[in-house]
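The values are calculated or read from the model by the stated rules, or taken from the named source; none is laboratory data. Only a predicted model underlies this, so the values are computations on that prediction, with no experimental measurement involved. Positions of Cβ are backbone-derived with ideal geometry, glycine not excepted, and every protein chain shown enters the neighbour counts.
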Amino acid sequence: MRIPLAQPEITDADREAVLRVLRTPHLSFGPMLPEFENATAAYIGQSFGVAVNSGTSALQLAFRLLDLPPGSEVILPSFAFVAPLNVILQEKLRPVFVDIDTATLNITPEAVAAAITPKTRAIVAIHTFGRPLAMDRLRALADQHQFALLEDACEALGAEIAERKAGSWGDLSVLAFYPNKQITTGEGGMLLTSNPDWAERARRLRNQGRDPALDWCQQAEAGFSYRLSEMNCALGLAQLRRIEAIVQRRQAVAEVYDRKLAGIPEILRPALGVPRGRISWFCYVVQLAHPLGQAERDSLCARLLAQGIAAGRYFAPLHRQPLLAGEKHLPIELPVTEQVAARVLALPFFSQLTETQIQEVTDALSEALADLRRKT
Ligand SMILES: Cc1ncc(COP(=O)(O)O)c(C=O)c1O
């Protein structure tokens, strides 16, 4: 792709940080691990960070720590990346999908409140595309109804709501550092909590369940192999040092897109801000205006791809996925999710995207839309 959908920002300082690790014998469980964990937890505003090899691993550890009875209901959006659903199913829990708001593409406290039943034990609150949820209201709902608040800030490092960072509100929160994210470790993720017992157990679980207090060959519980190497941690730490600049540059890229797309009637642009906080843009996703739908969206995607411009359909509704075909309580009706999923178009988005590249993308998009107009 001439203009990719996402691209990591790797500087000489990042390369040097990784090389410094490679000049030592400590490639795992060295000094970078606690340094990265502590710096991230401090940035977010949680007491403990437990670095793991992916955001999904962090989610899996979170559910292990919650230790919910099988069949417990977990509320989540259907318009989302598949990772939370995968973990919910693997942990033998029951997904309860709620609809989203057309403008924010996020679940709302009202929709969550309406989905609560006596079996609700947790919610996965996802800040979709980096736009923060009303976490103060979700926190209040979780406290009132006594279910766990698992905050999935994988797409939202640096986002803020009510003067707190995304990731600081959850009983357990998760981050992800795949190369399309605001900062990357190559592969990686982190579990955050302010509960010291959970942090300690998560550290055991990520390393086969080994208890540092026991002899190396004595096994206290069955764990996972979810460690994150020193090279990954060094890269993450170097990137975290410039997270504020990254968030600002991504906001500036979104603003350029907004200006250049402003005159196109078929394109609905995402709002550039939120009332009580700050977006940390994960990607830039527009919607096609009615009556354009899935067929037009797919043809626009194909046309951009043919010109070397990556464009994606982020996301397909989870409640319609074949992996849920056997679930008796599905399908359910989530009209906004279905309408939105048919019309979203993710455009190339990363912090180093230039104005010239954005112009190329928006020119290609308006030409393709003009052709569609001529055909109808
Ligand atoms: C909302 C959300 N949760 C979890 C994940 C999983 O992260 P990973 O791909 O590192 O496993 C992602 C990844 O993009 C995500 O967007």
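Within the range 225-250, the set of residues being surrounded by fewer than 21 Cβ atoms within 10 Å (Cβ to Cβ) and outside any helix (DSSP H, G or I) comprises Ser225, Arg227, Arg241, Arg242. Residues that are of a type in the set (S, T, N, Q), within 16 Å of the ligand (Cβ to nearest atom) and in a loop (DSSP other than H, G, I, E, B): does the range 272-282 have at least one? Looking through the range 272-282, at least one residue is of a type in the set (S, T, N, Q), within 16 Å of the ligand (Cβ to nearest atom) and in a loop (DSSP other than H, G, I, E, B). Could you tell me whether the range 214-224 includes any residue that is touching a helix residue (DSSP H, G or I) at 6+ places or on another chain (Cβ under 7 Å) and crowded, with 20+ Cβ neighbours inside 10 Å? Yes - at least one qualifying residue is present in the range 214-224. Taken over the range 311-328, the criterion of being under 16 Å from Ile358 (Cα atoms) and either surrounded by fewer than 19 Cβ atoms within 10 Å (Cβ to Cβ) or at pLDDT below 90 (or both) is satisfied by Gly312 alone. Out of the residues in the range 46-85 meeting the condition of being among the small types (Gly, Ala, Ser) and more than 18 Å from the chain's Cα centre (by Cα), tell me which one is surrounded by the fewest Cβ atoms within 10 Å (Cβ to Cβ). It comes out as Gly71. Among what's in the range 146-161 and is more than 12 Å from the ligand (Cβ to nearest atom) and either without any contact (Cβ under 8 Å) to a residue 24 or more places away in the chain or of a type in the set (Asp, Glu) (or both), pick the residue that is surrounded by the most Cβ atoms within 10 Å (Cβ to Cβ). Out of the qualifying residues, it is Glu160.
For His127, the conditions (1) away from the ligand (no atom under 12 Å from the Cβ); (2) over 24 Å from Lys328 (Cα atoms) all hold with the exception of (1). A search for C-beta distances below 6 Å between a residue of the range 173-198 that is closer than 17 Å to Glu230 by Cβ and not assigned by TED's automatic domain parsing to the domain that holds Ala39 and any residue that is in a helix (DSSP H, G or I) and more than 9 Å from the ligand (Cβ to nearest atom), counting only pairs 6+ apart in sequence or on different chains, returns nothing.
Of all positions in the range 68-85, none carries a residue that is without any contact (Cβ under 8 Å) to a residue 40 or more places away in the chain and either within 16 Å of the ligand (Cβ to nearest atom) or of a type in the set (Asp, Glu) (or both).
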